[in-house]
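Engineer: Mind looking over this structure? Questions follow.
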Amino acid sequence: MRAFTCGVCGQLIFFENSACLRCGTKLGVRWSDRELVTKPVEPPCANRDAIGCNGLAAAPGELCFACALTRTRPSDADAHGMKQWAEAERAKRRLVFELGELGLPIPTRLQDPEHGLTFDLLSSATQLVTTGHADGLITLDLAESDDDQREKRRVEMGEPYRTLLGHMRHEIGHFYFPILTRNEEALTAARRLFGDEREDYQEALDRHYADGPPAGWAREHVSAYATMHPSEDWAETFAHVLHLRDTLQTAAAYGVRVDGPAGRPDLHAEPVDAGAGGLRGMLDDWLGLTYALNAVNRSLGFDDLYPFVLSGPVIDKLAFVDGLIARS
C-alpha cells in the first residue's frame, strides 16, 4: 500500500480514511488511478453511509468499482451481517487496490457474464456457506469477519495464519489461474511446478482431511493446505506473492528498511541470487524485514508476525507466479 497525505494540511492519511483526521477535509478513493483524493469532485459510493466505503463512483447513487463487484450481501435488516459485510468490503478494497497496482486485469460480470469476477458475501449464521471460487464467483463466509470465529477456526485447523484479506487473496488466485496460464507454455510450466490441476478435487480433499499433510511438506509447499491439491498449491502461492508485494510496497512507502543484525549475517536458508531481479531480487529486503518483525513480536511475547519458511522449491513457485503477474 502506498502512503498518502492530505492535500489541504499535509497530514498523513490512510487508505481507509474518508476524511482527514486533522482538518476534516473529505477524501475518497478514485479507482481509475487508485489515488486517495482530497476534496474529490466525483460522488461518493452509494455504500458510504451503509458500510463506510470511501470509494468514489462514476455518478450519484452508484456503487464504486470495488463495491460493484459484490453480487450478494446481507440485508439491511441484519445488523450483525451488515457489520461483517463492512469488514469484508474493507478487505476487498485493499485487494482491488493491489490488483490494480500489479497491473492485473479485473474483468467484471458486465464485461464477461459467464466468467467475470464477482463476490457473494454471505453469513453462515443464516444459511450454509462454503468459501470458495467457481468460474469467477468468489463466495466468502462473513463469519471470517469476526475475530473470535476466525481465530477459533485457525486453531481448529492448525493454521499459523488466517485473515480475511488472506482468504480473498487465496480465492482470487483461483480466479487468475486460467487468465495467467492461457498460453500452452505457461500452463505446462505451471503443471510441472504445482501438479495437474485436473486431478480429482473431492478425492484430494477427502485424503487431506483424513490423513493431513505429508511429512516434510514445508520443503515443497508454502503451507500445509497447499499440499491438498495442485489448485490449492497455486492459490496459496499466489496469495503469498500478494502478501509479499503489498508488505514491501508499504515498507518502502514508509521508509522502512531492515539490513539485519550487525555484521550482515546471511538471512537466506538456501542460496538465492539476489541479482536475479523480480521476486528473487526482493528476497533480501523481505527476509530482513520479516526477521526483524518476528523478533520484535517475540520481544513483546507474541507469536511470529510472519510464521512461514521459504524453501528453495517454494521460492521457485513464488518467482514463477510473480513472473506471470508481471507479464500479464
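Engineer: Highest mean first, how do 164-176, 103-115 rank when packing is the count of other Cβ atoms within 10 Å averaged over residues?
Structural biologist: So the peptides 164-176, 103-115, ranked by packing, come out 164-176, 103-115.
Engineer: In nm, what is the difference between 0.36 nm times the number of residues separating Arg192 and Ala59 and their Cα-Cα distance?
Structural biologist: Once the chain is fully extended between Arg192 and Ala59, it gains 43.2 nm.
Engineer: Which cysteines does the chain leave without a neighbouring Cys Cβ under 4.7 Å?
Structural biologist: Taking the Cβ cut-off of 4.7 Å, the unpaired cysteines of the chain are Cys67.
Engineer: Which distance in nm do the two modelled labels at Lys26 and His115 give, with both placed 7 Å along the Cα-to-Cβ direction?
Structural biologist: Label at Lys26, label at His115, 4.0 nm between them.
Engineer: Which ³J(HN,Hα) values, rounded to whole Hz and listed in residue order, are derived for segment 43-55 from phi using the Karplus coefficients 6.51, -1.76 and 1.60 in 6.51 cos²θ - 1.76 cosθ + 1.60 with θ = phi - 60°, glycine and proline given as x?
Structural biologist: Per residue, the Karplus-derived 3J(HN,Hα) values read x, x, 4, 5, 8, 4, 6, 6, 10, x, 5, 9, x Hz.
Engineer: Run the paramagnetic zone check for Met157: 7 angstrom along Cα to Cβ, then residues of segment 119-136 with backbone nitrogen under 14 Å.
Structural biologist: 129-133
Engineer: Now a separate question. I need the phi-derived Karplus couplings for segment 19-36: 6.51 cos²θ - 1.76 cosθ + 1.60, θ = phi - 60°, integer Hz, Gly and Pro marked x.
Structural biologist: My calculation for segment 19-36 gives 7, 5, 6, 8, 10, x, 5, 5, 10, x, 8, 8, 6, 4, 10, 6, 9, 8 Hz in order.
Engineer: Multiplying the sequence separation of Asp259 and Asn297 by 0.36 nm and subtracting their Cα-Cα distance, what value in nm do you get?
Structural biologist: Length difference between fully extended and current span is 11.9 nm.
Engineer: Net charge within 15 Å of Asn297 by Cβ-Cβ distance, Lys/Arg positive one each and Asp/Glu negative one each, not counting Asn297 itself?
Structural biologist: Around Asn297, the charge tally is -1.
Engineer: Using only DSSP helix segments of four residues or longer, with each worth -39500 (n - 2.57), what per-residue ellipticity at 222 nm results for the chain after dividing by its residue count and rounding to 500?
Structural biologist: Helix contribution divided over all residues of the chain: -14000 deg cm²/dmol.
Engineer: OK, next. Highest first, please rank the peptides 56-62, 297-303 by the mean number of other Cβ atoms sitting within 10 Å of their residues.
Structural biologist: Averaged packing, sorted descending, gives the order 56-62, 297-303.
Engineer: If you don't mind, another one. At each listed q (0.11, 0.21 Å⁻¹), what is the log10 of I(q)/I(0) that the Debye formula gives for segment 69-180 modelled as equal alpha-carbon point scatterers?
Structural biologist: The calculated log intensity ratios at q = 0.11, 0.21 Å⁻¹ are -0.35, -1.21.
Engineer: Taking the dipole about the Cα centre of the chain, with the C-beta of Lys and Arg at +1 and of Asp and Glu at -1, give me whichever of Gln202, Ala224, Pro105 is farthest to the positive side.
Structural biologist: Pro105
Engineer: Where Rh is the Kirkwood radius over the Cα pairs of the chain, the temperature 20 °C and the viscosity 1.002 mPa s, what D in µm²/s does Stokes-Einstein return?
Structural biologist: Values: Rh = 21.3 Å.
Translational diffusion coefficient: 100 µm²/s.
Coordinate-derived values only; no laboratory data. Because the structure is predicted, anything quoted here is derived from the model rather than measured. Cβ coordinates were reconstructed from backbone atoms using ideal geometry, including for glycine residues, and neighbour counts include every protein chain displayed.
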